Amino acid sequence: MLLTTGQAANELGCAVTTFRRLVHAELLPGLDNRGNRVMVPWDVVQQLRERPAAPLHRLKAQEVAVLRVNVAQPVQEATRQWIGFSAALGPDDLLKALQGWWRCDPASVAAGGVLPVTLSGYVVAVLTGLQAWENEGGRYRFPEAVLAGYVTDLVGPGKHLTACEAGDRTAAELLLGTRLASHSGGALAYVPTGSPTTS
């Protein structure tokens, strides 16, 4: 059975514009075009609905920043060609597209040790190596950030672990493809993990 994007969004309890971001980011397999309508297989919607919540309690920090991005858009900048996320981008372009420039509290981002990247509430990439940052007009970039992993298929999910460090790969494996709700007026949100206080 095939659903329209509106029907799929209704099944997932989200706005149709939110669901369409997943379509435009090329994260959903098996889509069918009927005229100007995109049709979504029922099993794809079921798999999205059953994606587990991110197990943030397994992280060491008591709070982590969450980078909430849109579908990748081209930019004309010296250091990158894209901003945002798309499964069609390679790891080098993805890292450049995600490592800045964001309005945030950089010390809080670094303290979390890991930066989940979400698109429409699903973790599509994970950054680590956040200890250093640059400031330009109140926007921050993390030049030493590492793309620990990313997804190319949110349903499978199709995970690609790209970090060299075992701990970074473990964090990416833990978070990629999960649901992670966050609320913020900007690109960065700060979410408590529920981890016990360490002394």
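General remarks:
- Looking across the stretch 1-45, the residues that are in contact with an Asp or Glu (Cβ under 9 Å, 6 or more places away or on another chain), hydrophobic (A, V, I, L, M, F, W, C) and surrounded by fewer than 16 Cβ atoms within 10 Å (Cβ to Cβ) come down to 1, 42.
- Residue in the stretch 85-93 that is of a type in the set (Ser, Thr, Tyr) and either surrounded by 13 or more Cβ atoms within 10 Å (Cβ to Cβ) or under 12 Å from the mean Cα position of the chain (by Cα) (or both) present: yes
- Counting only strands (runs of 3 or more DSSP E) wholly contained in the stretch 96-199, the ones carrying 1 or more residues that are among the charged types (D, E, K, R) and surrounded by fewer than 21 Cβ atoms within 10 Å (Cβ to Cβ) occupy 134-136, 139-141, 146-153, 158-161.
- Number of positions in the stretch 144-165 that are acidic (Asp, Glu) and touching a Gly at 6+ places or on another chain (Cβ under 8 Å): 1
Read-outs throughout are calculated quantities, based only on the coordinates presented, and are distinct from any laboratory measurement. What you are looking at is a predicted structure, and each value in this text was computed from that prediction instead of being measured. When we count neighbours, we look across all protein chains shown, and the Cβ atoms used for this are built from the backbone with ideal geometry, even at glycine.
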